[in-house]
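Asks: I have a structure I would like to understand better, so I am pasting it below and will then ask my questions one at a time.
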Amino acid sequence: MRQDGRRPDELRRIKITPGFLTNPPGSCLIEMGGTRVVCSAMVEPTVPYFLKGSGKGWLSAEYSMIPGSSGQRVSRERSKLGGRTSEIQRLIGRSLRSCVDLSALGERSVVVDCDVLDADGGTRTAAITGGYVALALALRKLSAGDPSLARVLRLAVAAVSVGVIRGEACLDLPYEEDKDAEVDMNVVKTSDGRFIEVQGTAETNPFDRGSLNRLLDLAENGLTTLFEAQKRAFPQ
């Protein structure tokens, strides 16, 4: 058993509350154990300069941790984003772009904002999983006024962390496990079973192919549960 009483192959308690914010057309609060992230999605009638006249749209993401989200105050990034924040934003954006048809979006931009209220490990994976729900809700609501938006969303995307803790492969790492993990990995997949990204790092000893396979198997089992949670928050 792990420190929080879970089996190695068990996710933390997950809860997705759709429509968490009043103003955005799509939003949710995603809770995975002690990690809580507010995700929202809004559509703007413009595109970046490199897409003007192309007929295609764009999707980007912004990620931040509020000052009280961690044990030590997190400073606001007012003028320049830190390397970690930039990397996470790019990951969320890449992941969510894979589930939309940018041509069907037309010359519009979707911005998905992910704000961490409480950080207890897995904030980026929770942001991707919740970000999809916010995106799907926004496109559904806006398609009532513009039916073309109903064709933008192609499939679901979710993400989860896995790692090696004291020699054992474990699913969905909280902070106390993540900070001492021998191997730390984030896995992002589509609902039709394809990988978007696998981020894996050995912190101490390198890992072999067998360990990689065990971690990917764990991640895929956890992602099945996350896709089900998304469906409950966003029924088809």
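The values are calculated or read from the model by the stated rules, or taken from the named source; none is laboratory data. Bear in mind that the values here come from a model prediction, so they are computed numbers and not experimental data. Methodologically, a virtual Cβ is constructed for each residue, glycine included, from the backbone with ideal geometry; neighbour enumeration extends over all protein chains shown.
Asks: Can you tell me how many residues within the range 102-120 are surrounded by fewer than 24 Cβ atoms within 10 Å (Cβ to Cβ) and within 22 Å of Leu11 (Cβ to Cβ)?
Replies: The initial filter retains those residues of the range 102-120 that are surrounded by fewer than 24 Cβ atoms within 10 Å (Cβ to Cβ), namely 102-109, 111, 113, 115-120.
Restricting the remaining residues to those that are within 22 Å of Leu11 (Cβ to Cβ) gives 116-120.
Here the count works out to 5.
Asks: If you go through the range 48-66 one residue at a time, how many are within 30 Å of Glu10 (Cα to Cα) and loosely packed, with under 11 Cβ neighbours inside 10 Å?
Replies: 0
Asks: Restricting attention to helices (runs of 4 or more DSSP H) lying wholly within the range 117-236, give those where 1 or more residues are more than 23 Å from Gln89 (Cβ to Cβ) and modelled with pLDDT of 95 or more.
Replies: Because the criterion is at least 1 residues that are more than 23 Å from Gln89 (Cβ to Cβ) and modelled with pLDDT of 95 or more, the helices (runs of 4 or more DSSP H) in the range 117-236 that meet it are 209-233.
Asks: Further, regarding this structure: Could you identify the single residue in Glu228, Glu177 that is under 18 Å from Glu10 (Cα atoms) and surrounded by 15 or more Cβ atoms within 10 Å (Cβ to Cβ)? Working first, answer last.
Replies: Numbers: Glu228 fails: surrounded by 15 or more Cβ atoms within 10 Å (Cβ to Cβ).
Result: Glu177 is the single residue among Glu228, Glu177 that is under 18 Å from Glu10 (Cα atoms) and surrounded by 15 or more Cβ atoms within 10 Å (Cβ to Cβ).
Asks: Failed condition for Glu77, given (1) surrounded by 15 or more Cβ atoms within 10 Å (Cβ to Cβ); (2) acidic (Asp, Glu); (3) touching a helix residue (DSSP H, G or I) at 6+ places or on another chain (Cβ under 8 Å), with all others met?
Replies: Of everything listed in (1) surrounded by 15 or more Cβ atoms within 10 Å (Cβ to Cβ); (2) acidic (Asp, Glu); (3) touching a helix residue (DSSP H, G or I) at 6+ places or on another chain (Cβ under 8 Å), Glu77 misses just condition (1).
Asks: Give me a count of the residues in the range 54-92 that are of a type in the set (S, T, N, Q), closer than 30 Å to Gly106 by Cβ and assigned to a loop (DSSP other than H, G, I, E, B).
Replies: Going through the range 54-92 one residue at a time, the tally reaches 1.
Asks: Does the range 203-223 contain any residue that is closer than 20 Å to Cys39 by Cα, in contact (Cβ under 8 Å) with a residue 40 or more places away in the chain and surrounded by 14 or more Cβ atoms within 10 Å (Cβ to Cβ)?
Replies: yes
Asks: Out of the residues in the range 152-174 that are over 14 Å from Leu11 (Cα atoms) and not aliphatic (A, V, I, L, M), state the one that is surrounded by the most Cβ atoms within 10 Å (Cβ to Cβ).
Replies: Here the answer is Arg154.
Asks: Here's a follow-up. Name the residue, out of Ser103, Ser75, Ser69, Ser54, that is closer than 26 Å to Ala219 by Cα and polar (S, T, N, Q).
Replies: Of the residues listed, the single one that is closer than 26 Å to Ala219 by Cα and polar (S, T, N, Q) is Ser69.
Asks: Only one of (1) surrounded by 20 or more Cβ atoms within 10 Å (Cβ to Cβ); (2) more than 23 Å from Arg13 (Cα to Cα); (3) among the aromatic types (Phe, Trp, Tyr) is not met by Phe234, so which one is it?
Replies: In the conditions (1) surrounded by 20 or more Cβ atoms within 10 Å (Cβ to Cβ); (2) more than 23 Å from Arg13 (Cα to Cα); (3) among the aromatic types (Phe, Trp, Tyr), Phe234 misses (2) alone.
Asks: Output the number of residues of the range 173-218 satisfying the condition of being of a type in the set (Asp, Glu) and touching a Gly at 6+ places or on another chain (Cβ under 6 Å).
Replies: The number of residues fulfilling the criteria is 2.
Asks: Just to be sure, is Leu91 within 19 Å of the chain's Cα centre (by Cα), buried (at least 19 other Cβ atoms within 10 Å of the Cβ), under 24 Å from Val47 (Cβ atoms) and not acidic (Asp, Glu)?
Replies: Considered against the rule, which asks whether it is within 19 Å of the chain's Cα centre (by Cα), buried (at least 19 other Cβ atoms within 10 Å of the Cβ), under 24 Å from Val47 (Cβ atoms) and not acidic (Asp, Glu), Leu91 comes out as yes.
Asks: Here is a follow-up. What's the total number of residues in the range 15-60 that are over 20 Å from Ser95 (Cα atoms) and aliphatic (A, V, I, L, M)?
Replies: Looking only at that region, the number is 1.
Asks: Further question: For Gly71, indicate whether it is touching a residue at least 12 places away in the same chain (Cβ under 8 Å) and not polar (S, T, N, Q).
Replies: So Gly71 fails the test.
Asks: Right, next: Give the residues of the range 1-47 that are surrounded by fewer than 20 Cβ atoms within 10 Å (Cβ to Cβ), assigned to a strand (DSSP E or B) and more than 16 Å from the chain's Cα centre (by Cα), sorted by residue number.
Replies: Met42, Glu44
Asks: Given the options Ser148, Ser191, name the one that is exposed (fewer than 13 other Cβ atoms within 10 Å of the Cβ) and in contact (Cβ under 8 Å) with a residue 24 or more places away in the chain.
Replies: Details: Ser191 fails: exposed (fewer than 13 other Cβ atoms within 10 Å of the Cβ).
On inspection, the qualifying residue turns out to be Ser148.
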